[in-house]
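Single-structure report; data block below.
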Amino acid sequence: MPKHVLLCAPTYFDVVDAKNPYMSGNPPVDREKAMRQWQTLCSALQQSGCVVETIDPAPGLEDMVFAANQVFVGWHDGVGKFIVPSHMVHTSRQREVPFYVDWFRQRGYKIIDIDFARDHHLEGHGDLLWHPDWSRVYAGFGFRTARGGVEKFGAAMSELGIPVVSLHLVDRYCYHLDTCLCPLNNDAALIYPGAFAAESLATLRQFWQRLRELTADEAHKFMGNGIVANGNYITPYLTPHLEAMLKEEGLTPLVVDTSEFEKSGGSAFCMKAFLP
Ligand code: ARG
């Protein structure tokens, strides 16, 4: 079964404010270059056996290209395909959510709406990662997603019998969980330990047989923000250290330049949502 994946073209992509520490001090976005990089990412996904689906970009929504954030996408025996719409921190990003919700609604996904308090933020797959066998969800909080958002999400998932493991993030350069934890298979994940509070790191060690540790430099260059697809690991950069860890997990690196998107604090993983 090929994996289906949702992306959004960077037609209106830009950096207009500093939502995270990567977003200041860069030269302006080169939108044509961004479009070429995005197309290369789509090709890399197709080359890795994925079917690429797209949502139309909307003018004025400069971050809409980061398709990992607007909804949490799930699958459950009883409910079937479902989404949980996000409660984004930034207003411009909140405006992206209805476009994604409509896209999923039109395709028959059940919408599980959570009644969030104002500061109970939840940012989709930026902070919510499925274990590869769909047995549980890892939920990062601290910078964008709030502890209260994770609690509300956890309560909604517990009604479906889906456990949620909450993880406290402490490195502002790893402001989303998808920058410091990347499941590779059911037993192994890439991790940047420095991004987690001590108790959260201990929690993670209970759930994975092998945690392959990235250095700070690798993590801050988004090498933990890769996409695992069909034996490939799509990554923006590669070090001999990362290559060796991937090899031990039977994965082949596929390097795709995402430099324009890194000016916005995102790379490969942030630009897609896997569909069940
Ligand atoms: N500029 C975007 C923001 O700060 C980047 C989002 C990155 N997405 C992710 N899943 N980590 O909201």
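Okay, here's what the table says:
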{"read-out": "Where no second cysteine Cβ lies under 4.7 Å, the cysteines concerned in the chain", "value": "CYS8, CYS42, CYS50, CYS182, CYS270"}
{"read-out": "Counted charge near VAL228, where neighbours are those whose Cβ lies closer than 10 Å (Asp, Glu -1; Lys, Arg +1)", "value": "0"}
{"read-out": "Placed amide H near LEU254: partners under 5 Å, 5+ positions off or other chain", "value": "TYR233, ILE234, THR235"}
{"read-out": "Sorted by Cβ density within 10 Å, fewest first, the residues LEU211, LEU242", "value": "LEU211, LEU242"}
{"read-out": "For CYS174, CYS42, order by how many other beta-carbon atoms lie within 10 Å, fewest first", "value": "CYS42, CYS174"}
{"read-out": "Around HIS76: net Lys/Arg minus Asp/Glu count, Cβ-Cβ under 15 Å", "value": "0"}
{"read-out": "For the stretch 221-234, 3J(HN,Hα) per residue [Karplus equation, 6.51 cos²θ - 1.76 cosθ + 1.60, θ = phi - 60°, Hz, x = Gly/Pro]", "value": "9, 6, 6, x, 9, x, 10, 8, 8, 6, x, 9, 10, 7"}
{"read-out": "Most mobile listed residue (SER135, SER166, SER264) in the chain, GNM with C-alpha springs under 10 Å", "value": "SER135"}
{"read-out": "The chain - share of DSSP beta bridges that are antiparallel (%, nearest 5)", "value": "50"}
{"read-out": "Over 21 Å (Cα to Cα) - which of LYS221/LYS263; LYS3/LYS221; LYS19/LYS152; LYS247/LYS272; LYS33/LYS272; LYS19/LYS110 fall in this group", "value": "LYS3/LYS221; LYS19/LYS152; LYS247/LYS272; LYS19/LYS110"}
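Every read-out reported here was derived from the displayed coordinates using simple, explicitly stated rules and does not represent laboratory data. It should be emphasised that the depicted structure is a prediction, and the values quoted were computed from it without experimental measurement. Cβ atoms come from the backbone with ideal geometry, glycine included; neighbour counts cover every protein chain shown.
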